[in-house]
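K.L.:
This structure is in structure tokens; I'll ask about it shortly.
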Amino acid sequence: MPDTKKYRILVADDSEMNRSMLLLLLEEMGFSATTVTNGEEAVEVALEKSYDLILMDINMPTMSGTEATEILRAINYTHPIIACSAEEELKSRDKFSEKGFDGYLAKPIEPGKLQTILAEFCTPTTDSNDLKMDKVQTAFDAKVQQLQSEFKEKASQITQQLKDALDRNSLSEIKGIAHKLQGTAPLYGHDNLAKICKGIEKALKTGRPQEALERTRLLIKQIENIST
């Protein structure tokens with residue numbers, strides 16, 4: 001088994017849940033990890049210390065992951081940067097490489113997907129299977145169970161945010177909430193919510209705001225049904 005402790009990973013994600021999950025998995029796999037909440041922080045921290053790999057969320061406030069990657073590449077930052085997103089259009093190598101990324105990690109985060117990316121860029125050896133993925137999976141499952149039990153508490157907050165955004169007719173707020181929930185809902189055990197969120201984002205992206213608003217109302221009802 002390689003000495004994975006020597007590998008330093010920078011995680012950039014605005015979702016506290018995603019940061020917590022990635023930190024848990026990375027530490028269970030034996031890596032050293034640092035987390036930041038937006039692209040601006042990612043650029044600053046990446047230039048302060050040497051990291052072997054960056055896991056970069058695409059959509060973040062203040063500065064997106066794409067913008068942060070463009071800045072880093074413009075100043076000849078050569079370490080691998082992995083795009084983390086639920087956006088399917090980034091899956092192909094041509095799509096993520098043209099934006100300066102070295103790889104793509106699909107959300108929601110899963111142990112197997114993460115291990116594959118790390119093995120590709122962190123010089124695995126023939127002993128890399130000794131990472132004891134069964135232990136990692138056990139820790140992951142326990143975390144998911146904890147998150148699912150916490151969802152009812154978070155549900156009322158999410159629905160209120162969506163209702164407030166509807167009252168303000170703020171499509172940008174709706175898009176932000178939907179995007180974040182799309183990436184995390186499956187971890188809560190609610191794939192149906194992720195599907196609705198995906199529909200909201202697609203409707204907004206293709207210039208159908210009324211459809212997005214209707215889907216948002218449906219999303220609120222679905223979350224309220226879960227939380228009652």
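K.L.:
Name the single residue, out of those in the range 10-35 being aliphatic (A, V, I, L, M) and farther than 17 Å from GLN115 by Cα, that is surrounded by the fewest Cβ atoms within 10 Å (Cβ to Cβ). Spell out how you get there, then give the answer.
P.N.:
The initial filter retains those residues of the range 10-35 that are aliphatic (A, V, I, L, M), namely 10-12, 17, 21-26, 29, 33.
Retained after the next criterion (residues that are farther than 17 Å from GLN115 by Cα): 12, 17.
Details: ALA12: 29, MET17: 19.
The selected residue is MET17.
K.L.:
Looking at the range 42-58, which of its residues are closer than 21 Å to GLY183 by Cα and acidic (Asp, Glu)?
P.N.:
Result: ASP57, single match.
K.L.:
Report every pair of residues separated by at least 6 positions or lying on different chains whose Cβ atoms are under 7 Å apart, first residue within the range 42-69 and over 11 Å from ALA83 (Cα atoms), second among the polar types (S, T, N, Q).
P.N.:
Filtered contacts from the range 42-69: VAL45/THR34; MET60/ASN38; PRO61/ASN38; THR62/ASN38; MET63/ASN38.
K.L.:
Based on this model, can you work out whether LYS135 counts as closer than 21 Å to MET21 by Cα, at pLDDT 85 or above and part of a helix (DSSP H, G or I)?
P.N.:
Working: closer than 21 Å to MET21 by Cα: yes; at pLDDT 85 or above: yes; part of a helix (DSSP H, G or I): yes.
The answer is yes for LYS135.
K.L.:
Continuing with this model, one more query. With respect to LYS113, determine if the residue is within 30 Å of ALA212 (Cα to Cα) and either surrounded by 12 or more Cβ atoms within 10 Å (Cβ to Cβ) or at pLDDT 90 or above (or both). Reasoning before the result, please.
P.N.:
On the way: within 30 Å of ALA212 (Cα to Cα): no; either surrounded by 12 or more Cβ atoms within 10 Å (Cβ to Cβ) or at pLDDT 90 or above (or both): yes.
Against the criterion (within 30 Å of ALA212 (Cα to Cα) and either surrounded by 12 or more Cβ atoms within 10 Å (Cβ to Cβ) or at pLDDT 90 or above (or both)), LYS113 does not qualify.
K.L.:
From the list LEU10, LEU22, LEU72, which one is in a helix (DSSP H, G or I), under 15 Å from the mean Cα position of the chain (by Cα) and not assigned by TED's automatic domain parsing to the domain that holds SER172? So that I can check it myself, show each step before the final result.
P.N.:
Working: LEU10 fails: in a helix (DSSP H, G or I); LEU72 fails: under 15 Å from the mean Cα position of the chain (by Cα).
None of the others qualify; the one that does is LEU22.
Residue-by-condition table, conditions (1) more than 24 Å from GLY189 (Cβ to Cβ); (2) surrounded by fewer than 18 Cβ atoms within 10 Å (Cβ to Cβ):
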| position | (1), (2) |
| --- | --- |
| VAL45 | yes, yes |
| GLU48 | yes, yes |
| PRO61 | yes, yes |
| HIS79 | yes, yes |
| CYS84 | no, no |
| ASP94 | yes, yes |
| GLY100 | yes, no |
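K.L.:
What pairs can you find where one residue is in the range 164-180 and touching a residue at least 60 places away in the same chain (Cβ under 8 Å) and surrounded by 13 or more Cβ atoms within 10 Å (Cβ to Cβ), the other is small (Gly, Ala, Ser) and assigned to a loop (DSSP other than H, G, I, E, B), and their Cβ atoms are less than 9 Å apart, with a gap of 6+ or different chains?
P.N.:
Going by the 9 Å Cβ cut-off, the qualifying pairs are HIS179/ALA86; LYS180/SER15.
K.L.:
Answer yes if at least one residue in the range 184-201 is farther than 23 Å from MET17 by Cβ, touching a helix residue (DSSP H, G or I) at 6+ places or on another chain (Cβ under 8 Å) and in the same structural domain as ASN169 (by TED's automatic domain parsing), and no otherwise. Full working, then the answer.
P.N.:
Residues of the range 184-201 that are farther than 23 Å from MET17 by Cβ, as a first pass: none.
Within the range 184-201 (the criterion being farther than 23 Å from MET17 by Cβ, touching a helix residue (DSSP H, G or I) at 6+ places or on another chain (Cβ under 8 Å) and in the same structural domain as ASN169 (by TED's automatic domain parsing)), the answer is no, since none of the residues qualifies.
K.L.:
Out of all the residues in the range 10-21, which are in contact with a helix residue (DSSP H, G or I) (Cβ under 8 Å, 6 or more places away or on another chain) and either over 17 Å from SER85 (Cβ atoms) or at pLDDT below 95 (or both)?
P.N.:
Our first condition is that a residue be in contact with a helix residue (DSSP H, G or I) (Cβ under 8 Å, 6 or more places away or on another chain); within the range 10-21, this holds for 10-15, 17-18, 20-21.
Listed by number, the residues that qualify are ASP14, SER15, MET17, ASN18, SER20, MET21.
The values are calculated or read from the model by the stated rules, or taken from the named source; none is laboratory data. In this text, all values refer to a predicted model and were calculated from it rather than measured experimentally. Reconstructed Cβ throughout: ideal geometry from the backbone, glycine too, with neighbour counts over all protein chains shown.
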